[in-house]
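Below you'll find the structure, written out as structure tokens, and then a few comments.
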Amino acid sequence: MEYIKQSIFTIKEPTVLSFGKFDGLHRGHELLMGYMAEKKGEQDGLQAVVFTFDIPPKEQVAGAKAKVLTTNQEKVKLFEGAGIDYLIECPFTKEIMCMEPEAFIAQTVTSLNVKYMVVGTDFRFGHNRRGDYRMLQAFAPQYGYEVKVVEKMQEEGRDISSTFVREEIAAGNMEKANWLLGYAFFVEGRVLHGKKLGKPVLGIPTINLLPPEDKLLPPYGVYVTATEHQGKVYPGITNVGCKPTVGGQNPVGVETHLFGVSEDMYGEEVKVKFLSRVREERKFEGLAALKAQMEQDIHYGREYFKTGRGTAGGKGRIPWN
């Protein structure tokens with residue numbers, strides 16, 4: 001996949017294009033990707049292109065610092081896995097923000113050689129969000145492309161959206177969030193040195209991540225997780241929070257104990273997948289009490305993987321490995 005991070009770009013091959021923020025790349029987004037793949041299969045040489053922005057437009061327009069389900073770096077990997085040929089991450093400049101929708105269509109179709117567009121019914125673009133799928137359809141004969149409008153996928157009578165996923169994560173409902181996403185919500189990062197209390201003091205080795213500043217995290221607490229490292233996946237438990245029992249000013253971190261694993265992963269990249277919430281984070285009277293609770297959490301986690309608990313509304317668990 002070619003990753004383009006600029007406002008001026010050209011693709012010579014004919015393309016099928018989809019636009020959007022694509023935060024989380026959830027089941028609704030996967031439906032769009034499916035139609036793009038179907039169109040690619042019908043026409044040799046057609047390239048699948050996703051057009052998104054380097055920051056959420058709301059952040060530029062409203063000045064709101066947005067927490068995201070997937071960082072820009074994480075999106076790249078997800079789109080690679082979805083079979084996309086080009087990912088365009090356009091800088092959301094004032095010029096782009098103020099561009100009239102008609103001009104946006106003309107520039108995009110011309111520079112990307114667009115023959116087909118796949119968009120949802122809620123897609124909006126251009127100055128004051130004046131453009132929509134109806135406008136794309138209206139200009140299609142003039143510019144020589146076709147438009148596939150996809151109805152929103154629903155879950156329990158509600159449109160599947162990034163907002164829906166965020167709400168479930170904020171409530172700690174990881175099984176439901178993962179069902180909406182179609183994969184386990186994850187945090188990626190490099191393993192850092194912690195306070196070295198895990199194995200030497202508590203006898204429970206852990207790995208520590210400092211999540212990206214813009215990454216949405218589930219509520220502080222302990223979770224059943226699966227951690228991917230160098231192609232292998234390890235079950236475990238993870239604490240999200242500030243380690244109040246340890247004392248001092250601790251940054252928000254993601255600390256994971258991997259079942260039956262004690263290898264040194266310092267400085268290496270891992271992906272922690274969140275499967276189910278165990279309990280909230282709390283301060284204990286001392287390290288002995290913390291260790292006792294961690295042992296209970298570990299037992300719970302091991303039983304989770306043995307018994308297959310944690311289904312999303314009776315629909316089964318999302319595969320973690």
Checklist outcome for this item: For the stretch 132-157, pairs from a residue that is under 15 Å from Ala106 (Cα atoms) to a residue that is of a type in the set (Ser, Thr, Tyr) and assigned to a helix (DSSP H, G or I), with Cβ under 7 Å and 6 or more apart or across chains, are Val147/Tyr133
Next on the checklist: I need a count of the residues in the stretch 113-128 that are free of Cβ contacts under 8 Å to residues at least 24 places away in the same chain and either under 18 Å from Gly45 (Cβ atoms) or in a helix (DSSP H, G or I) (or both).
Outcome noted: 1
Checklist entry - What is the one condition in (1) modelled with pLDDT of 85 or more; (2) on the phi < 0 side of the Ramachandran plot; (3) open to solvent by 50 Å² or more (accessible area, probe 1.4 Å) that Ala289 does not satisfy? => result (3)
Next on the checklist: Take Tyr223 and tell me if it is hydroxyl-bearing (Ser, Thr, Tyr) and open to solvent by 30 Å² or more (accessible area, probe 1.4 Å).
Outcome noted: no
Checklist entry - For the stretch 132-196, which helices (runs of 4 or more DSSP H) that fit wholly inside it have 1 or more residues that are open to solvent by 40 Å² or more (accessible area, probe 1.4 Å) and of a type in the set (S, T, N, Q)? => result 133-143, 162-170
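Can you tell me which residue in the stretch 197-212 is modelled with the highest pLDDT, limited to those that are hydrophobic (A, V, I, L, M, F, W, C) and open to solvent by 50 Å² or more (accessible area, probe 1.4 Å)? Break it down stepwise before answering.
So in the stretch 197-212, the residues hydrophobic (A, V, I, L, M, F, W, C) come out as 197, 201-202, 204, 207, 209-210.
Restricting the remaining residues to those that are open to solvent by 50 Å² or more (accessible area, probe 1.4 Å) gives 201, 210.
Numbers: Val201: 52, Leu210: 86.
By that ranking, first place goes to Leu210.
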Checklist entry - What do you reckon, is Lys306 at pLDDT 85 or above and either open to solvent by 80 Å² or more (accessible area, probe 1.4 Å) or among the polar types (S, T, N, Q) (or both)? => result yes
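Can you pull out every residue in the stretch 255-269 that is at pLDDT 85 or above, open to solvent by 10 Å² or more (accessible area, probe 1.4 Å) and farther than 17 Å from Asp297 by Cα? Walk me through it before giving the result.
Let us first name the residues in the stretch 255-269 that are at pLDDT 85 or above, namely 255-261, 265-269.
Filter once more, keeping what is open to solvent by 10 Å² or more (accessible area, probe 1.4 Å): 255, 257, 259-261, 266-269.
Tyr266, Gly267, Glu268, Glu269, listed by residue number.
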Checklist entry - Of the residues that sit in the stretch 13-26 and are open to solvent by 20 Å² or more (accessible area, probe 1.4 Å) and modelled with pLDDT of 95 or more, which one is farthest from Glu155 (Cα to Cα)? => result Glu13
Checklist entry - Residues of the stretch 27-58 being in contact with a Lys or Arg (Cβ under 9 Å, 6 or more places away or on another chain), at pLDDT below 95 and more than 21 Å from Thr121 (Cα to Cα), which ones? => result Gln43, Asp54
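From the list Val278, Val272, Val246, Val252, exactly one residue is under 16 Å from Leu210 (Cβ atoms) and modelled with pLDDT of 95 or more. Which is it?
Numbers: Val278 fails: under 16 Å from Leu210 (Cβ atoms); Val246 fails: modelled with pLDDT of 95 or more; Val252 fails: modelled with pLDDT of 95 or more.
Just one listed residue meets the conditions, Val272.
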Next on the checklist: Criterion first (open to solvent by less than 40 Å² (accessible area, probe 1.4 Å) and more than 30 Å from His257 (Cβ to Cβ)) does Phe125 satisfy it?
Outcome noted: yes
Checklist entry - Considering Ile169, Ile204, Ile160, which residue is more than 25 Å from Phe79 (Cα to Cα) and touching a residue at least 60 places away in the same chain (Cβ under 8 Å)? => result Ile204
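The values are calculated or read from the model by the stated rules, or taken from the named source; none is laboratory data. Computed from a prediction, not measured in an experiment: that's the story for all the values here. Neighbour counts are summed over all protein chains in view; Cβ atoms, including those assigned to glycine, are modelled from backbone coordinates with ideal geometry. For the accessible areas, the whole protein counts, side chains as well, though only heavy atoms, and no ligand, DNA or RNA atoms are used. Shrake-Rupley method; radii C 1.70, N 1.55, O 1.52, S 1.80 Å.
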